Amino acid sequence: MREQMKIKAWFITVPVSFVLVGMSFILYKAVTANQQPGMNPVRHPTEEKWTQDGRKHEALPSTDFSGSDGFDQTIKFSEYRNGKPAVVVFQLFDCPCSIESQPLFNQLHISYQQWVKFVGIVQGPLKNAKFFVQENQCSFPILGGVSDDVIRAYGAERSVYSALVNPDGSIFKIYAGYSREMANEVGDWCAKFSNKTPAKLDLAIVPDRMASGCEFFPEPVPAATTAKK
């Protein structure tokens, strides 16, 4: 009986995943149809310090984590990756920068999902991840309820950070944002595991300049003080 239920679940899950991928691609084309290259505003230009801080994590073991996706399935990163390379994307559910960058990560996933695993982390409870998935037609698992310690362990100070994880589990590179150059670099990295030439990416709404997102851990605003008379 359990095997029959698993088979039925599989037949349901696979068509749903294809539908999500198709909808993601259609949505991306619709958004980019009337936009020019680099048209997205760069709200948070990536600072050199953020890039340098990310380099401190390169070659270190990636931190394992677990979380629930938008379909209430628990995913453990190490098991999900299962010895494959992976791209981990860090987002905020209500951040315009996250919303604008997600179509690029969807596109990379669609191009390389056979060889590279993609997973996203949306800071906060599961409802944040569900909202982000529904609003952005994400083509790969987006997890909620992941500890902030995990986000810190990858050096992700802001949304739109991403980590490339080697098949052996070590961190290859941390990107403190996204840009057209970054998109091509990630595409080239993914392509080397496929033994194929890199896929041609539509970068119409990807900024020319490296752009990051909103802060995960903003500094508390000092309490107002009353001036002494």
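Got a sec to turn the phi values of the range 50-61 into Karplus ³J(HN,Hα) couplings, 6.51 cos²θ - 1.76 cosθ + 1.60 with θ = phi - 60°, whole Hz, x for Gly and Pro?
After applying 6.51 cos²θ - 1.76 cosθ + 1.60, I find 5, 5, 5, 4, x, 5, 5, 8, 5, 6, 7, x Hz.
Mind giving me the nanometre distance, one decimal, between the label points for Asp72 and Ala59, set 7 Å out from Cα along Cα→Cβ?
The modelled label-to-label distance comes out at 4.6 nm.
Of Lys84/Lys127; Lys127/Lys192; Lys173/Lys200; Lys130/Lys173; Lys49/Lys117, which sit over 31 Å apart, Cα to Cα?
Violating the 31 Å Cα-Cα cut-off are Lys127/Lys192.
In whole Hz, with x marking every Gly and Pro, tabulate ³J(HN,Hα) for the range 149-161 from phi via Karplus 6.51 cos²θ - 1.76 cosθ + 1.60, θ = phi - 60°.
Whole-Hz 3J(HN,Hα) from phi for the range 149-161: 4, 5, 4, 5, 4, 8, x, 7, 8, 9, 5, 6, 6.
Can you give the FRET efficiency to the nearest 0.05 for Asp208 and Glu185, using r as the Cβ-Cβ distance and R₀ = 22 Å?
Efficiency, rounded to the nearest 0.05: 0.95.
Which cross-chain or sequence-distant (5 or more) residues have an amide H under 5 Å from the amide H of Ser170, H modelled 1.01 Å from N in plane?
Counting only residues 5 or more places away or on other chains, the set is Ser62.
All other residues with a Cβ under 15 Å from the Cβ of Glu79 taken together, and with Lys, Arg as +1 and Asp, Glu as -1, what is their net charge?
+2
By average Cβ neighbour count within 10 Å, what is the ranking of 48-56, 206-214 from highest down?
206-214, 48-56
Bear in mind these aren't lab numbers, they're just calculated from the coordinates by the rules spelled out. These numbers come from a predicted model, not from an experiment. Ideal geometry is used to build each Cβ from the backbone, glycine not excepted, and the neighbour counts take in all protein chains shown.
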